[in-house]
Structures are given as structure tokens and as C-alpha cells.
Amino acid sequence: MAREKTVFACTACGYETARWVGRCPSCGAWNTMEEGVVTPSVSKASAAAKPAKQRPGSGAQAMLLRDIPEDAAARTSTGIGELDRVLGGGIVEGGLMLIGGDPGIGKSTLLLQVCAHLCAQGKRVLYVSGEESAKQVKLRARRLKIDVPNLYVLAENAMDNVEERMKEMSPDVAVVDSIQTMYRPEMASAPGSVSQVRECTSLLMRLCKESGIATFLVGHVTKEGAIAGPRMLEHMVDVVLYFEGDRQQEYRLLRAVKNRFGSVNELGVFQMTEEGMQVVENPSEQLLSHRAKGASGSVVFCGMEGSRPLLVDVQALASPTYFGTPRRTVEGADTGRVALLLAVLEKRAGQKTYNQDVYINVAGGLELSEPAADLALCIAVASSLKDEPVGQQVAVMGEVGLGGEIRAIPQVDRRVSECVRLGFTTIVLPRESLRRVKAPEGVTLRGVDTVMQALSVLF
């Protein structure tokens, strides 16, 4: 029986060594070496008698760019509008797409629904399950009320067998759930190791490009939120999608962080129900549906997620601290950015926060990453400090500088249009941005230059 041995592999580049090192000798990254156990599947003698498969290149010839034919019907709709938006219009033939997210967030459920919609279009689909048996996939399909004729299920995690079945069946679309469960028997490392994930993904990438099979990969994530396995996994695939959201909440956010076929940072909004993932047609209205009326510390901000304007409820609560150091708890925004804004409020606007515990929350589970949310955060904190509510029909947006100045923001016309569509009558925004947008009838646009001016306008 082969002996087990311990190896350390770099999660960034896949370099392996027999001992732990703080810095990877190959890529130079720090603290990326992870310990793993290697159990050789074959002895040295048998390995010598049965060498690993050699995979030569396809022998393709170089072509002039202008001579490469264009396929006008290269994209196929998934049948789910929000997913098509994130993908840039649909599935591209031969594309390799990776979907990551926390356990139980809804990755497998969404992809099974995609398979059903594609089969309804007459597409031939193969669902490869490395974690569930075929009967378990059947039970989940029954719960989702999926019964289509062209959906094939393969319960297998040996990559060579999966490759043979894909070549044999030649499906239009394939789903591999998950890439961390796949392995190649001729490799000594265990499934989920850096080398196995890298090799299996490379095999699938070549297969997709040669055969034109569009393939979805399900990827598990680490406790830090990154997809488990080597970092190069995200570089190898064409599209990287992340599922975000709390399993205790009904809303799920699908975000594109890499897309060779479309724009990045596009956002799809879903709602988890007993019948699976349901598209949220009007996410702004849904996110504001439970907003408290007449409560202080609440203000509406219009952010941009890719090409989509999205209204969210920014909440703040300030209360006197009973400790030597006041607490700063932030959900849905950058903690460092919030600390900076609190300092600006105290220094430039006279709002005392040094003796206040401050809690920030962005309702709905969204993450505010753009500076345009600065003014909304400041107004929410000031509203809680003063215990004075902001009007229900008021929206706030603008970037705040260290001098307390309000700077212009991009795509202000689309933000204003979304606010007007949902019935907001007063919009506070940077004065410099007023030149880029015309006030609609019945709507007041209040341009401000500083945080102090914004406070005087609203309170």
C-alpha cells in the first residue's frame, strides 16, 4: 500500500513543496502555502507501466483576424433574464463559466433551473454531479418541478470518464458540480488539491474550446470568500460569477467579477423561494419595500451596479457609548471609509461622534463600494445624531472629500431617472453634477458643495 505524504501547495500559482515556507518560491506571494496529504493511487511500478495520458495540442493554424468568421447567433439565452444580464446577453458557445458562493446559497438550484430552460429550447444538456447521486439530483429537480426530456445526469467525479461522456454525447451545454470534487486518477494528489483543480479545469477548458460545449463550473469558496483552489483557476475560465447574500435572507445577488464576453460588475437580483430562484423584476422597489416610515437614521441612495441603477436604504444608528473606545460596526460598506466619513463629520460639520457608538447597515445585503455613497452615509449618521428623520421622498448621493467638499459622481442622469421612476421628489446631489442632468417636472434637484450645506438643506 502506498504511503501518504504531506505537501504544501501555493493557492496562488500551484507550486508544491515538501515543507512549509512563508513566501512562495515561484510567485513570491506570502502566506499562500496550504498543507495537503497526497495518497498515491498507483505504485511506482504500475505508474511506469501505465504512463499519464499525453494531450497534444489541436494543431490549429494561425488565421488573419479579418478572416475569422463571425457568428451572429453565438449567444444562447439561459431563459433567466437576470442571469443573461450578468453574462452579457447569454451563453457564448465554448465558454467556460465559473460560479462561486457559500454553501447553500443556491448555486446548484440556479444551474438546474438553467438546464431546464435550455432543454425547453431544444438544447441537449449534461449535468455532471460529483457531490450528489443521480437520485438526489432527481429529488431536487422534482422539488423545483423540473421535468424535461433533454436533460442528462451523470454522477461521476473521475475527470477522464466525464471527458469521454462529454465527447460521446456532445451536449450543447454542460454543468460540472463541483470542480473541487473532480480528479484525474493518474495524478497522485487528492480531489480538491491545487494540482487536481488546476489540471481538471485545464482539461475542461481545452474540451470547451475544441468542441464548442458551453460549460458551467460550480466552485466552493473559502472562509475568506475566495474560490477554493489555485488563484489561476479564475484566470483560466472565461467568466467568473459570485453568489452573494445571507442564507437567512431571501435575496441573492449574482455578480460578475470577470467576463470576457461582456462588462464586469453587472448585478443580478434573485429571490430564494420554495420553487427555486425567482427573478426580482424591480429590485429597487423590492429593496425599499420594508423601509421604516418616519425613522431617523435612514436615507435612500441610488448606486450603480454595472449598468443598472439601484436604490438602497442606508441605515445608521448612533447612541452614547459606555466604554472608553466607541464601537464602529459596519454591514454593507467599507469600515475604513466609514471611519474617514465620521472624522469629516466631526471636523467639518461639527457633528460629535467621539462619544457615540455608530452602527451602519445597508438593507437588503448589498455592498456599497463606490464613493458616491459617501454623502448618504454622512446624512444617515447625522440624522441619527439629531434624531430627525429625512423625508420619505428624498434621495441623497455624492462623494465626500477630506475637506468636507462634495465631488461630482458618474452617471448622474441614470441615477436621477431611477429615483424619479420610483416617485422621489427631492434629490440632493453635488452641485457640479447639476450641469449633466435636467430636473424633471415635479422634481427638485438640490445641488450642494459641502457636507454642511447638505445638512442645512435636509434639517
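The values are calculated or read from the model by the stated rules, or taken from the named source; none is laboratory data. Note that this is a predicted model, so its numbers are computed, not measured. Note that each Cβ is placed from the backbone with ideal geometry, even for glycine, and that neighbours are counted across all protein chains shown.
Does the range 61-83 contain any residue that is of a type in the set (S, T, N, Q) and at pLDDT below 65? Taking every residue of the range 61-83 in turn, none turns out to be of a type in the set (S, T, N, Q) and at pLDDT below 65. Checking each residue in the range 236-270 for being among the hydrophobic types (A, V, I, L, M, F, W, C) and in a strand (DSSP E or B) picks out VAL239, VAL240, LEU241, PHE243, LEU253, LEU254, ALA256, VAL257, LEU267, VAL269, PHE270.
Taken over the range 65-93, the criterion of being out of contact with any Ser or Thr (no Cβ under 9 Å at 6 or more places or on another chain), aliphatic (A, V, I, L, M) and not in a helix (DSSP H, G or I) is satisfied by ILE68, ALA72, ALA73, ALA74, ILE80. Take the residues in the range 207-221 that are farther than 17 Å from SER193 by Cβ and β-branched (Val, Ile, Thr), then tell me which one is farthest from the chain's Cα centre (by Cα). Among residues in the range 207-221 that are farther than 17 Å from SER193 by Cβ and β-branched (Val, Ile, Thr), the one farthest from the chain's Cα centre (by Cα) is ILE213.
Within the range 171-183, is even one residue surrounded by fewer than 17 Cβ atoms within 10 Å (Cβ to Cβ) and either in contact (Cβ under 8 Å) with a residue 24 or more places away in the chain or not assigned by TED's automatic domain parsing to the domain that holds ALA9 (or both)? Checking the range 171-183: not a single residue is surrounded by fewer than 17 Cβ atoms within 10 Å (Cβ to Cβ) and either in contact (Cβ under 8 Å) with a residue 24 or more places away in the chain or not assigned by TED's automatic domain parsing to the domain that holds ALA9 (or both).
It is to be established whether one or more residues within the range 255-274 are within 24 Å of SER456 (Cα to Cα), crowded, with 16+ Cβ neighbours inside 10 Å and at pLDDT 90 or above. No, the range 255-274 contains no residue that is within 24 Å of SER456 (Cα to Cα), crowded, with 16+ Cβ neighbours inside 10 Å and at pLDDT 90 or above. Of the residues making up the range 275-294, those that are more than 21 Å from the chain's Cα centre (by Cα) and exposed (fewer than 13 other Cβ atoms within 10 Å of the Cβ) are GLU275, SER289, HIS290, LYS293, GLY294.
Scanning the range 325-363 for residues that are touching a Pro at 6+ places or on another chain (Cβ under 9 Å) and either under 19 Å from GLY398 (Cβ atoms) or surrounded by fewer than 14 Cβ atoms within 10 Å (Cβ to Cβ) (or both) yields a count of 3.
Those strands (runs of 3 or more DSSP E) of the range 94-195 in which at least 1 residues are farther than 21 Å from LYS209 by Cβ and touching a His at 6+ places or on another chain (Cβ under 8 Å), considering only elements entirely within it, cover 96-101. Please go through the range 435-457 and give me each residue that is part of a helix (DSSP H, G or I), crowded, with 18+ Cβ neighbours inside 10 Å and either at pLDDT below 95 or among the β-branched types (Val, Ile, Thr) (or both), ordered by number. Passing the criteria: only VAL451.
Residues in the range 282-306 that are in contact with a helix residue (DSSP H, G or I) (Cβ under 8 Å, 6 or more places away or on another chain) and over 17 Å from ALA373 (Cβ atoms): SER296 only. For first residues located in the range 284-297 and in the same structural domain as ALA363 (by TED's automatic domain parsing), partners that are exposed (fewer than 14 other Cβ atoms within 10 Å of the Cβ) and not polar (S, T, N, Q) and lie 6+ apart or on another chain with Cβ distances below 7 Å form the pairs SER296/ASP387; SER296/GLU388. The numbered conditions (1) more than 29 Å from GLY423 (Cα to Cα); (2) acidic (Asp, Glu); (3) crowded, with 20+ Cβ neighbours inside 10 Å are all true for ASP374 except (1).
Here's the yes/no breakdown for (1) in contact with a Gly (Cβ under 8 Å, 6 or more places away or on another chain); (2) surrounded by fewer than 21 Cβ atoms within 10 Å (Cβ to Cβ); (3) β-branched (Val, Ile, Thr):
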residue: PRO149; (1), (2), (3): no, yes, no
residue: GLU156; (1), (2), (3): yes, yes, no
residue: VAL162; (1), (2), (3): no, no, yes
residue: MET169; (1), (2), (3): no, yes, no
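Residue count for the range 377-416 satisfying the condition of being touching a Pro at 6+ places or on another chain (Cβ under 7 Å) and hydroxyl-bearing (Ser, Thr, Tyr): 1. The residues of the range 273-319 that are touching a strand residue (DSSP E or B) at 6+ places or on another chain (Cβ under 6 Å) and farther than 22 Å from ALA333 by Cα, listed by number, are MET277, GLN278, VAL280.
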